[in-house]
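Have a look at the structure below, then the notes.
The values are calculated or read from the model by the stated rules, or taken from the named source; none is laboratory data. Remember, it's a predicted structure, so these values are computed and weren't measured experimentally. Please note: Cβ atoms are built from the backbone with ideal geometry, for glycine as well, and neighbour counts cover all protein chains shown.
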Amino acid sequence: MREMDQVFDGLRATVAGVHREMKDELDKSKKEIEKVDGTLKSLVTIKGKTAFLLRSLEQFATTFLRTDSPSP
C-alpha cells in the first residue's frame with residue numbers, strides 16, 4: 001500500500017508541475033495578446049487620423065490650389 005501511495009504522490013506532483021507550466025504559458029500568451037490588441041488599437045487610431053488629414057489636405061487643395069485652366 002505504501003508503494004501505491006508513493007506512486008500516487010509522484011503522479012500528483014507531476015500533474016501539478018505540468019499544470020503550473022501550462023498556466024505560465026497561458027499567462028504569457030494572454031500578455032502577448034494584450035500587446036497585440038494595444039497595437040491594433042493604436043493602428044486604428046493612426047488610420048483614422050491619417051484619413052482625417054488626407055480629407056483636410058484634399059479640401060485645402062480644392063479650395064486654395066485650384067488651377068485656373070484657360071477656357072477654350
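You will find that of 13, 61, 51, the residue that is part of a helix (DSSP H, G or I) and modelled with pLDDT under 95 is 61 and no other.
Is it true that some residue in segment 53-63 is without any contact (Cβ under 8 Å) to a residue 60 or more places away in the chain and exposed (fewer than 10 other Cβ atoms within 10 Å of the Cβ)? Yes, segment 53-63 has at least one match.
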